[in-house]
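S.K.: Take a look at the following structure, please.
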């Protein structure tokens, strides 16, 4: 369990908080690029407990500013896009993409006031049909070119899950908790007659968590009729992304987007490789929107996304970790919390946390280990691994 103070430290996302300052060192997706059009070029978004306005210039570029004008607090969402900036609808103050105040129409001509104003403004970049925002110190790092986002030998899909009433850490901890698959997904499918058979997800005999350059890699020792086999089951990319291996070489990224302390959302990007491995023309990326609850507000439990969301939201807006009781099978959760603590201290010490990319050569395409199945022990790692034998599941 954690103390109340430790829990607040790990779950906070607002400006000036330990967790929030760490999360601000990374790019976060906020919406599909198709949400901003010439007809509707502005969109309200909320990220890391800040209210923002995202906009698209007439020339196709993007900007992001704090929603409330630095003058009297009116919403810039209702403002005017002019000269690559945004003008407040209340008194006409004009801000550029860096937050500099360019005009104050009714102030004296000799006034130097506007030069002292720096309105909140953040860089925006597009990747694979999504708009990303960076809210940390400058200069900003590169948007990581994870393989799912930039490979050209296949096609992509985007799914947006509904806003959940829970902290982002509840979502991310599931990414280092492979044992939940047995009951929450596969056993659930049997009970609800969803058409799956339990042998499709054989019981786990052991699980290994290995520190890697990007976060924590998971491997499971599965037992089925063909014998024991080790299988890669994905990478928890620090701080808030899951790189998942799917069937037939398909893969996905699950971005756990921290809206504020008590609200989060998953943005999912899937990649389906071409059958012959050849590059294909990249079509417009289709976007779908999921809904996990029925008309009564109850989770429908029909697939993995619904089931995960139920488990996250029903823990409460922020899980009270002072009363939890962790077991041996929660080793991955413990490791992730240790990593989160460590990286918070790295930022507090003035250094850059793990997984931040600044070298363009390193960022051409960031690849991860593919799903691997084989009998016996996994390849010996050159880095120390944490292993925990799971009892009672086999």
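The values are calculated or read from the model by the stated rules, or taken from the named source; none is laboratory data. Bear in mind the structure is a predicted one, so any value in this text is a computation, not a measurement. FYI the Cβ positions are ideal-geometry reconstructions off the backbone, even for glycines, and counts take in every protein chain you see.
S.K.: Quick one: how many residues across the stretch 74-86 are part of a loop (DSSP other than H, G, I, E, B) and surrounded by fewer than 19 Cβ atoms within 10 Å (Cβ to Cβ)?
M.R.: 3
S.K.: What about residue 174, is it surrounded by 20 or more Cβ atoms within 10 Å (Cβ to Cβ) and either in contact (Cβ under 8 Å) with a residue 60 or more places away in the chain or in contact with a helix residue (DSSP H, G or I) (Cβ under 9 Å, 6 or more places away or on another chain) (or both)?
M.R.: yes
S.K.: Also, quick follow-up: For the stretch 25-57, enumerate the residues that are in contact with a strand residue (DSSP E or B) (Cβ under 8 Å, 6 or more places away or on another chain) and in a loop (DSSP other than H, G, I, E, B).
M.R.: Within the stretch 25-57, 26, 36, 37, 38, 41, 48, 49, 57 qualify.
S.K.: Check the stretch 3-24 and report whether any residue there is in contact with a strand residue (DSSP E or B) (Cβ under 9 Å, 6 or more places away or on another chain), assigned to a strand (DSSP E or B) and either under 30 Å from residue 339 (Cβ atoms) or free of Cβ contacts under 8 Å to residues at least 40 places away in the same chain (or both).
M.R.: Scanning the stretch 3-24 turns up no residue that is in contact with a strand residue (DSSP E or B) (Cβ under 9 Å, 6 or more places away or on another chain), assigned to a strand (DSSP E or B) and either under 30 Å from residue 339 (Cβ atoms) or free of Cβ contacts under 8 Å to residues at least 40 places away in the same chain (or both).
S.K.: Residue 331 passes all but one of (1) at pLDDT 95 or above; (2) touching a strand residue (DSSP E or B) at 6+ places or on another chain (Cβ under 8 Å); (3) in a helix (DSSP H, G or I); which number fails?
M.R.: Single failed check for residue 331: (1).
S.K.: Now a separate question. Of everything in the stretch 193-236, what is assigned to a loop (DSSP other than H, G, I, E, B), at pLDDT 70 or above and more than 22 Å from residue 250 (Cβ to Cβ)? Give them in sequence order.
M.R.: 193, 213 - these are the residues of the stretch 193-236 that are assigned to a loop (DSSP other than H, G, I, E, B), at pLDDT 70 or above and more than 22 Å from residue 250 (Cβ to Cβ).
S.K.: It is to be established whether one or more residues within the stretch 60-73 are within 26 Å of residue 264 (Cα to Cα), out of contact with any strand residue (DSSP E or B) (no Cβ under 7 Å at 6 or more places or on another chain), modelled with pLDDT of 95 or more and surrounded by 15 or more Cβ atoms within 10 Å (Cβ to Cβ).
M.R.: yes
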